[in-house]
Amino acid sequence: MAVSSLAEQQRIDQLQMRGIVKQFPGVLAVDHVDFEVRAGEIHALLGENGAGKSTLMKILYGLYHADEGAVLIDGVDTAIRSPYAAIQRGVGMVHQHFMLVPSLTVAENVALGLKSSRGWRLDLDVVSKRLNELSERYNLKVDPNVPVWQLAVGEQQRVEILRALYKGAALLILDEPTAVLTPQEVDELFQVLEQMTADGRAIIFISHKLHEVLRISQRITVLRDGRRVDTIPTSGATKATLAEMMVGRPVVLEYEQQPSNRGGERLHLNDVSALSNRGELGLKEVSLTIYGGEIVGVAGVSGNGQTELAQVIAGLRPTKGGTIAIDGKDVTGKPPSQLQLLGLSYIPEERMEDGVIKEFTCAENFVLQDHGRKPYVSAGFLLNLRAITDACRDAIRQYEIKTPGTETPIKSLSGGNIQKLVMARELSRHPQVLIAAQPTRGVDIGASEYIHQRLLDERRQGTAILLISEDLDEIMALSDRIAVMYEGRIVGIVPRAQATVRQIGAMMAGAELEVS
Amino acid sequence: MHSSNLRAFLDRLIDGLLPLLSLIAALAVASLLLIALNADVGQAYAALLEGAFGTQNAFAETLVKAIPVMFVAIGICVAFRANVINIGGEGQMIAGALAGTTATLALSGAPSLVIIVAALAAGFLAGALYGGLAGFLKAQFNVNEILSTIMLNQVAVQMMNFLLNGPLLDPSEQGLNHIPKTARIVAEAQLPRLVIGLPDGTLLFDRTRLHYGLLIAIVLAAVIYIILWRTPIGYRIRAVGYNERASRYAGISVGRQMVLSMFLAGGCAGLAGVVQVLGLQYRLQTDGSPAGFTANAGFNGIVAALFGGLNPFGAIPASILFGGLLVGAQNMQRDLGIPASLITTINGIVVVFVVSSQILVKWRGRRRAQQSTTRTEVPLDSPIVVEQQA
Ligand SMILES: Nc1ncnc2c1ncn2[C@@H]1O[C@H](COP(=O)(O)OP(=O)(O)OP(=O)(O)O)[C@@H](O)[C@H]1O
Ligand SMILES: [Mg+2]
């Protein structure tokens, strides 16, 4: 079967959502929203963290049921009561938080929930074969036989997209697909999306990155606090107008940076190596020194050792040689608890898996490291619940985290708000050394700006900061020096003043540092 | 808004009643077996109810049966909250009983309070070490705790049989056909009977076998509740149970929490053993079979803990329900001549239904999160699906 053509029964010329309302305890997440998308169109959905984007899309995908409102497909009122029904009607979704089973292979994950032509038996070879065709056609490369847990986040996303395509999605919802991608990968994704719209599919695209939205979409709908602000054609929109529509006030998109006030040596890595999850040498003899009051940005295509680098420093991954020192003290092989006492904070890349305990409340999550330390224990052995709640409430206010309260389970917060809480927690610990991995991934522009300001504040106060990001703009805007990683090595360290995007990009692709 | 509040209330009411409904469903299924045996179902269940709660003495017996189950169940709450599946209640209970009895016999002559406190401490410690051993094997060598605790149960039974037939055997039982039991403990070591005086002068549970073990269990439930939800120790145990990766990230030693949770769980089961000796049997005695001393309290405690929502205070009523079932079933057997094996079967059916009802409650929670406006704290995505933060 040709994968390019769209099966007749699944074609969607026009999909409308009318007067959608969804209430969660304490939050009106979606408030009488009208939304429309047409075949061949990429329709962008914009809004701050917690504006209701994911909720609206989950309703369309049948994961949540709306309290009010209707979905019309080609003018016909269609009840989508479950993801299964959505898929039947040609609606596919790639979630903000991936939904793959880690222990299964790529092909097995795609086969989940499929009807097999061989009755109850899985025809995995057929799945693999079609998967190969699809990934060939759309240039989405993954090995169907690798278990998902071995894949980097970017690769997992390709699997999610392939899975939706495999099921024949005529309308594909992409919830923040670019948050995990490198600029290079974003270009590739956009080619895939354009190919898909050319094939007559419709795409709903959610992103916090305005330049992407401006580049790829034809129309833009902006949500704020659960309500639709407006739907406008992309031509004629600018970053500034969009930002203002989203936030409700003008937003500063650029900020000046003061010169570095470099202090003493804080973190020192000497020839550090480590294994990756696949058991290969993922980090190869990396040496790096970070001084107090500076931000060292780590640029690189995802999967080139950045994750291993962060985890090794945080004490979460054993070294395979080399030494790590904090303030001149050898800390190689020390457990995270001891590193924390030396003033190390770590904002992990995979916040849902590493950074929070989903079942715990916001308040409980706020004291993940420090629940046993001073302000949070009273009488020597009891948790001081009042102090914990107060600290969390302060953070919620300060970082404008959208949550009904401190006792809400953190899993019911929107993705960006969870990230803000993790950020607030780590900075409230007054770190001496801060590792920030993808700190603004999935965070809206207003909050990104705030997080950047806070990182610069930390820098001013003398913290040594290692900033790992796939967003080159972020690296260029904040770093004093930029270290580029390629295949587990640091291929070069460039002072920002001398760095150009072109040069960094070339080094990310493996070119040696050109000495100028 | 108003109607959705009502719906929320109804939803929670149904969730609360589900365990009870599942019990009724189990009894309905069991009645098919009774019919197959030509027994009068109504009469049978009347006998069960009468036997469990019908008289003061019946209720006291129910409580007496429930006490060891409570202790074990309270401990299971800790282990299961740490996601350590402790099946070793039986062995830990035996370890506690052996240590507690030995201490009691060694201390005869000491003041009452000294003996009792020392015996409880010894029983707790022995059970805790025995449970902690399984936790240690899991943390250190990644030995599956389900297997290790089941094997340790066997070891404990054999150890008890050996000790009760030899070193600890009652000196007056030295014959060939002796019953394996220790000497009787002194009166000072025995837990007092629990009699409740009402304001009007009547005595509740007078002349029954109900003993102070019940109060100890209630105190223990409070202590464990505080540990789990009000101390850093409990925080860490629950954190590890929910998410090992994030716990490690937070600097929590996952292995240590596993050992600790098994230590506490084993300690509670150990107390079940001593309290059974000090409060009821006044000696350690078995018939040589695996459940000869424990009467399966180590296993029933697991079900009671799940039934009670892994909350120590839920574990107490759940255990009483189980005690009632056990005592009532005996009465059913006596009055109607229903075979004992059927009683065991009915017990098993109840266990299956109760555990299923717990799964159903979770599932309902998930569905609710999907479609309505009611309050819920259950995961939104199905449990086999792992969310990965993008
Ligand atoms: N299952 C849930 N239970 C309770 N509240 C929820 C649930 N899901 C979302 N919410 C709340 O609804 C609001 C909208 O959340 P949603 O995830 O749709 O935001 P979003 O626009 O996708 O934000 P982000 O950009 O951060 O992903 C938030 O305030 C969130 O806390
Ligand atoms: Mg979202």
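The values are calculated or read from the model by the stated rules, or taken from the named source; none is laboratory data. Because the structure is a prediction, the values reported are computed rather than measured. Note that each Cβ is placed from the backbone with ideal geometry, even for glycine, and that neighbours are counted across all protein chains shown. To get the accessible areas, we keep the full protein, side chains included, count just its heavy atoms, and leave off ligands, DNA and RNA. Shrake-Rupley method; radii C 1.70, N 1.55, O 1.52, S 1.80 Å.
Take the Cβ-Cβ distance between B:D206 and B:V254 as r, set R0 to 60 Å, and report the resulting FRET efficiency rounded to the nearest 0.05. Could you put the intermediate results ahead of the total?
Numbers: r = 51 Å, r/R0 = 0.84.
Between B:D206 and B:V254 the formula returns 0.75.
When the Debye formula is applied to the Cα atoms of region A:409-516, each taken as the same point scatterer, what base-10 log of I(q)/I(0) results at q = 0.10, 0.18, 0.21, 0.22 Å⁻¹?
Here log10 of I(q) over I(0) equals -0.33, -0.93, -1.13, -1.19.
Once ligands and nucleic acids are excluded and a 1.4 Å probe is used, how much of A:K334 is accessible, expressed in Å² to the nearest 10?
About 70 Å², ignoring ligands and nucleic acids.
Using the basic label-point model (7 angstrom from Cα toward the beta carbon), what is the B:W229 to A:Q191 distance in nanometres?
My value for the distance between the label points is 5.7 nm.
Count charges around B:E173 for me, please; just the other residues with Cβ under 14 Å from its Cβ, Lys/Arg as +1, Asp/Glu as -1.
Summing Lys and Arg as +1 and Asp and Glu as -1 gives +1.
Any number yet on Rg/Rh for the protein assembly as shown, C-alpha, Kirkwood? Display every interim value, and only then the final one.
Working: Rg = 31.8 Å, Rh = 30.9 Å.
Reported Rg/Rh, Kirkwood definition of Rh: 1.03.
What residues have an amide H closer than 5 Å to that of A:Y346, excluding those fewer than 5 places away on the same chain, when H is modeled at 1.01 Å from N in the peptide plane?
Close amide H contacts, sequence-distant or interchain: A:I435.
Roughly how many Å is it from the Cα centre of region B:299-363 to that of region B:236-255, as a whole number?
Region B:299-363 and region B:236-255 have Cα centres separated by 32 Å.
Using modelled amide H (1.01 Å from N, peptide plane; none on Pro or chain starts), what sits under 5 Å from the amide H of A:T78, excluding residues fewer than 5 places away?
Under 5 Å from the amide H of A:T78 lie the amide H atoms of A:V71, A:L72, A:I73, each far enough along the sequence or on another chain.
Can you tell me the FRET efficiency between B:A222 and B:I85 if r is taken as the Cβ-Cβ distance and R0 is 30 Å, rounded to the nearest 0.05? Please report the intermediate quantities before stating the final value.
Numbers: r = 25 Å, r/R0 = 0.83.
Calculated value: 0.75.
Out of residues 5 or more away from B:L191 or on other chains, whose amide H comes under 5 Å of its own, with H placed 1.01 Å from N in the peptide plane?
For B:L191, whose amide H was placed from the backbone, the distant partners under 5 Å are B:G279.
Provide, in order from the shortest bin, the percent of all Cα-Cα pairs of region A:6-247 in each 10 Å bin, continuing until the bin that contains the maximum pair distance.
8, 32, 37, 20, 4, 0
How large is ³J(HN,Hα) for each residue in region A:426-438, as worked out from phi by the Karplus curve 6.51 cos²θ - 1.76 cosθ + 1.60 (θ = phi - 60°), to whole Hz, x for Gly and Pro?
5, 6, 5, 8, 6, x, 8, 10, 10, 9, 10, 9, 6
Under Stokes-Einstein, with the Kirkwood radius over Cα pairs standing in for Rh, what whole-number D in µm²/s applies to chain A at 10 °C and 1.306 mPa s? Walk me through the numbers on the way to the answer.
Working: Rh = 24.2 Å.
For these conditions, the coefficient is 66 µm²/s.
Over all distinct alpha-carbon pairs, what is the Kirkwood Rh of region A:165-303 in angstrom?
With all distinct Cα pairs of region A:165-303 included, I get 19.2 Å.
Quick one: divide the alpha-carbon radius of gyration of region A:52-187 by 2.2 N^0.38 Å and tell me what you get. If you can, show how the numbers build up before the last one.
On the way: Rg = 15.5 Å, N = 136, 2.2 N^0.38 = 14.2 Å.
Normalised Rg, Cα atoms only: 1.09.
Arranged from highest to lowest average of other beta-carbon atoms within 10 Å per residue, in what order do the peptides B:73-84, B:341-352, A:58-69 appear?
Numbers: B:73-84: 28.7, B:341-352: 16.4, A:58-69: 20.3.
Averaged packing, sorted descending, gives the order B:73-84, A:58-69, B:341-352.
What Rg and what Dmax come out for region B:171-312 when only alpha-carbon atoms are used, in angstroms?
Over region B:171-312's Cα set, Rg and Dmax evaluate to 19.9, 62 Å.
Could you run the numbers on buried accessible area between B and A, total for both chains, 1.4 angstrom probe, in Å² to the nearest 100?
4200 Å²
Apply the Karplus curve 6.51 cos²θ - 1.76 cosθ + 1.60, θ = phi - 60°, to the phi angles in region B:225-230 and return the couplings in whole Hz, x for Gly and Pro.
For region B:225-230, the Karplus-derived couplings read 4, 5, 4, 5, 10, 10 Hz, x marking Gly and Pro.
I'd like the accessible area for B:F205, computed on protein heavy atoms only with a 1.4 Å probe and all protein chains in place. Round to 10 Å², please.
20 Å²
What is the sum of charges around A:V433, taking Lys and Arg as +1, Asp and Glu as -1, for the other residues whose C-beta is under 10 Å from the C-beta of A:V433? Write down the numbers at each step before the final one.
Working: positive: A:R266; negative: A:D327.
Summing Lys/Arg as +1 and Asp/Glu as -1 gives 0.
Can you give me the angle between helix A:445-460 and the longest principal axis of chain A, using Cα atoms only, in degrees from 0 to 90, rounded to the nearest 10?
Value to nearest ten degrees: 10.
State the Cα centre-to-centre distance between region A:475-504 and region A:422-453 in whole Å.
20 Å
With all protein chains present and a 1.4 Å probe, how do A:K374, A:K167, B:K181 order by accessible area, largest first? Let's see the in-between values first.
Numbers: A:K374 175, A:K167 50, B:K181 30 Å².
Most to least solvent-accessible, the answer reads A:K374, A:K167, B:K181.
Between A:D125 and A:E36, what FRET efficiency comes out of the Förster formula 1/(1 + (r/R0)^6) with R0 = 30 Å and r the beta carbon distance, rounded to 0.05?
Numbers: r = 41 Å, r/R0 = 1.37.
Approximately 0.15, to the nearest 0.05.
Between A:N139 and A:D13, what is the spin-label point distance in nm, taking each point 7 Å from the Cα along the Cα→C-beta axis?
Modelled inter-label distance: 3.3 nm.
When the accessible area of the protein assembly as shown is computed with all protein chains present and a 1.4 Å probe, what percentage of it is carbon and sulfur?
Numbers: 20950 of 37170 Å².
About 56 percent, which is the carbon plus sulfur part of the accessible surface.
Which pairs break 25 Å Cα to Cα here: A:K58/A:K129; B:K138/B:K181; A:K209/A:K402; B:K65/B:K138; A:K334/A:K374; A:K320/A:K411?
A:K58/A:K129; B:K138/B:K181; B:K65/B:K138; A:K320/A:K411
With label points built 7 Å along Cα→Cβ from the Cα atoms of A:E285 and B:I359, find their separation and express it in nm.
5.5 nm
Using a Debye calculation, one point per C-alpha and no hydration shell, please list log10 I(q)/I(0) for chain B at q = 0.07, 0.09, 0.11, 0.15 Å⁻¹ in order.
One equal scatterer on each Cα of chain B leads to -0.35, -0.58, -0.86, -1.41.
What whole number of Å gives the distance from the Cα centroid of region B:97-154 to the Cα centroid of region A:289-308?
51 Å
Tell me, what HN-Hα J-couplings in whole Hz come from the Karplus equation 6.51 cos²θ - 1.76 cosθ + 1.60 at θ = phi - 60° for each residue of region B:309-314, using x for Gly and Pro?
x, 6, 10, x, 6, x
Using bins 5 angstrom wide from zero, how does P(r) for region B:68-161 break down, in % of all Cα pairs?
In order of increasing distance, the bins hold 3, 15, 21, 23, 17, 11, 6, 3, 1, 0 percent.
Report the semi-axes of the equivalent ellipsoid for region A:265-508 in whole Å, largest first, where each axis is √(5λ) for an eigenvalue λ of the Cα gyration tensor.
On the way: eigenvalues 179, 84, 53 Å².
Taking √(5λ) for each eigenvalue gives 30, 21, 16 Å, largest first.
Please compute the average number of Cβ atoms from other chains found within 10 Å of each residue's Cβ in peptide A:317-327.
Details: counts 0, 0, 0, 0, 0, 0, 0, 0, 0, 0, 0.
Going residue by residue through A:317-327 and averaging, the value is 0.
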